[in-house]
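The values are calculated or read from the model by the stated rules, or taken from the named source; none is laboratory data. The structure displayed is predicted, hence computed values, not measured ones. Here the Cβ positions follow ideal geometry from the backbone for every residue, glycine too, while neighbour counts run over all protein chains shown. Accessible surface is based on the protein model in full, side chains and every heavy atom, while ligands, DNA and RNA are left aside. Shrake-Rupley method; radii C 1.70, N 1.55, O 1.52, S 1.80 Å.
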Amino acid sequence: MSLSLLTSCLPTFPVDTAAVLGGAWVGADLPESRAAWPRQCLQTPVLAPHPLSQECWVLQGALPVHAGESEGIAWRRGGDLLFGVIAIDEATVTAQAPHTPLQQAAFGAYARIFRLLDAQGLPHLWRLWNYMADINGESQGLERYRQFNMGRGDAFEAGARSVVGRVPAACALGVASGPLTIAFMAGPTPIVPVENPRQVSAFLYPDRYGPRSPTFSRAAVAHPPGQEILFVSGTASIVGHQTVHAGDVRAQTAESLDNIVAVLGEASAKSRSGAYALGDLGYRAYVRHPADLDTVRDVLESRLGGAPVVYVRADVCRSDLLVEIEGQALRGLPA
Ligand code: 3EB
């Protein structure tokens with residue numbers, strides 16, 4: 001069995017949908033289509049290279065892939081790998097004060113994810129993709145991203161998961177509108193967590209960033225049978241725990257890359273497949289202001305050695321952050 005990650009523009013479909021574990025569609029104007037596979041739909045502009053982007057994880061040689069639906073989670077499982085997607089409309093959530101609807105939605109989504117994974121006997125979350133509307137907006141005196149962190153952290157604890165140390169890789173971004181949507185990949189073995197020596201671990205951020213610290217690792221090394229995946233979490237212009245280069249998108253992009261280089265150094269030491277360099281990964285770059293695209297692209301193209309990048313319009317989870325970059329690499333293990 002072998003996993004691969006395909007990225008293409010829509011509506012090109014390069015593979016047999018029966019072998020797709022799950023993935024994402026991103027674009028401002030997504031076509032209507034019933035999802036044959038668990039698909040995270042991000043209704044937001046793709047700034048480059050194509051206006052509609054498709055990303056799917058394909059599993060060859062592990063058929064049949066089993067599909068299911070559980071408490072609103074669409075999922076597929078092939079062998080011991082599981083990909084799922086859940087979308088929750090906050091308007092349908094009733095929250096008991098002092099909880100907010102977004103906090104309750106995040107708690108509920110993660111609680112369902114953990115119930116599914118426990119029922120499937122695959123308790124280990126590897127990677128999470130979190131998106132919500134108006135991430136920097138405030139309600140009941142608290143920024144919405146911070147509300148999300150409260151719900152997520154509470155659900156990790158309720159699900160008997162650690163909120164420090166061995167936690168999954170992740171990203172959390174804002175889009176203009178739409179539900180809270182969370183995609184995830186889980187597997188049979190725990191990840192090897194990777195932190196960044198230039199940054200305070202996010203799960204140890206001081207409480208000036210919110211009542212509950214975010215629950216994610218800077219990167220995760222995961223092992224499907226015979227393979228290694230490196231997931232680099234969303235990475236921004238943060239040194240220590242503070243935003244640096246406020247207002248300077250070029251410097252923020254360079255600092256984000258410096259952070260990724262540091263993470264790759266740590267990941268290389270934990271890899272079973274050899275060292276990782278910047279040019280070995282595929283990337284998604286989230287850009288707050290579309291007018292900054294050329295600047296972000298200029299910095300990335302000069303340092304990534306031709307590695308693929310999809311540029312997506314999104315709000316980063318601190319209002320002073322202009323860009324966030326994530327990436328992944330997938331390769332075979334030596335026999
Ligand atoms: C940061 O380093 C930037 O809350 O899951 C990056 C990756 C960020 C993941 C998350 C947040 C998350 O704090 C923001």
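State whether one or more residues within the stretch 132-139 are away from the ligand (no atom under 15 Å from the Cβ), charged (D, E, K, R), under 20 Å from A91 (Cβ atoms) and part of a strand (DSSP E or B). Yes, the stretch 132-139 contains at least one residue that is away from the ligand (no atom under 15 Å from the Cβ), charged (D, E, K, R), under 20 Å from A91 (Cβ atoms) and part of a strand (DSSP E or B). For the stretch 65-98, filtered to residues that are touching a residue at least 24 places away in the same chain (Cβ under 8 Å) and either farther than 18 Å from L122 by Cβ or basic (K, R) (or both), the residue that is surrounded by the fewest Cβ atoms within 10 Å (Cβ to Cβ) is P98. Of the listed requirements (1) over 22 Å from A285 (Cα atoms); (2) near the ligand (Cβ under 10 Å from one of its atoms), D207 misses just one: (2).
Restricting attention to the stretch 231-250 and to residues that are under 17 Å from L300 (Cβ atoms) and open to solvent by 50 Å² or more (accessible area, probe 1.4 Å), the residue that is farthest from the ligand (Cβ to nearest atom) turns out to be R250.
Quick one: count up the residues across the stretch 160-190 that are more than 16 Å from the ligand (Cβ to nearest atom), open to solvent by 10 Å² or more (accessible area, probe 1.4 Å) and farther than 23 Å from H289 by Cβ. Result for the stretch 160-190: 5.
Count, please, the residues in the stretch 297-335 that happen to be within 16 Å of the ligand (Cβ to nearest atom) and either touching a strand residue (DSSP E or B) at 6+ places or on another chain (Cβ under 7 Å) or among the β-branched types (V, I, T) (or both). Number of matching residues: 14. Is one or more of the residues making up the stretch 104-115 over 11 Å from A155 (Cα atoms) and open to solvent by less than 30 Å² (accessible area, probe 1.4 Å)? No: the stretch 104-115 contains no residue that is over 11 Å from A155 (Cα atoms) and open to solvent by less than 30 Å² (accessible area, probe 1.4 Å). Of the numbered criteria (1) away from the ligand (no atom under 13 Å from the Cβ); (2) within 18 Å of V323 (Cα to Cα); (3) of a type outside the set (G, A, S), the one P224 fails is (2).
Please go through the stretch 215-230 and give me each residue that is touching a Pro at 6+ places or on another chain (Cβ under 7 Å) and either open to solvent by 10 Å² or more (accessible area, probe 1.4 Å) or touching a residue at least 60 places away in the same chain (Cβ under 8 Å) (or both), ordered by number.
F216, A220 - these are the residues of the stretch 215-230 that are touching a Pro at 6+ places or on another chain (Cβ under 7 Å) and either open to solvent by 10 Å² or more (accessible area, probe 1.4 Å) or touching a residue at least 60 places away in the same chain (Cβ under 8 Å) (or both).
Pairs linking a residue in the stretch 140-166 that is farther than 19 Å from T181 by Cβ to a residue that is more than 15 Å from the ligand (Cβ to nearest atom) and among the polar types (S, T, N, Q), with Cβ atoms under 9 Å and 6 or more positions apart or on different chains, are Q140/T100; L142/T100. When the residues of the stretch 270-291 are narrowed to those that are more than 19 Å from V310 (Cβ to Cβ) and of a type in the set (K, R), which ends up surrounded by the fewest Cβ atoms within 10 Å (Cβ to Cβ)? The extreme case among them is R272. Condition check: part of a loop (DSSP other than H, G, I, E, B), open to solvent by 10 Å² or more (accessible area, probe 1.4 Å) and basic (K, R). Does R146 satisfy that? Answer is no for this residue. Residues of the stretch 251-269 include none that is part of a loop (DSSP other than H, G, I, E, B) and surrounded by fewer than 17 Cβ atoms within 10 Å (Cβ to Cβ).
Could you tell me whether the stretch 285-292 includes any residue that is within 24 Å of G187 (Cβ to Cβ), within 15 Å of the ligand (Cβ to nearest atom) and in a loop (DSSP other than H, G, I, E, B)? Checked against the condition, which is being within 24 Å of G187 (Cβ to Cβ), within 15 Å of the ligand (Cβ to nearest atom) and in a loop (DSSP other than H, G, I, E, B), the stretch 285-292 yields no hits at all.
Residues of the stretch 51-63 that are exposed (fewer than 15 other Cβ atoms within 10 Å of the Cβ) and either under 21 Å from D118 (Cα atoms) or among the polar types (S, T, N, Q) (or both): Q60 alone.
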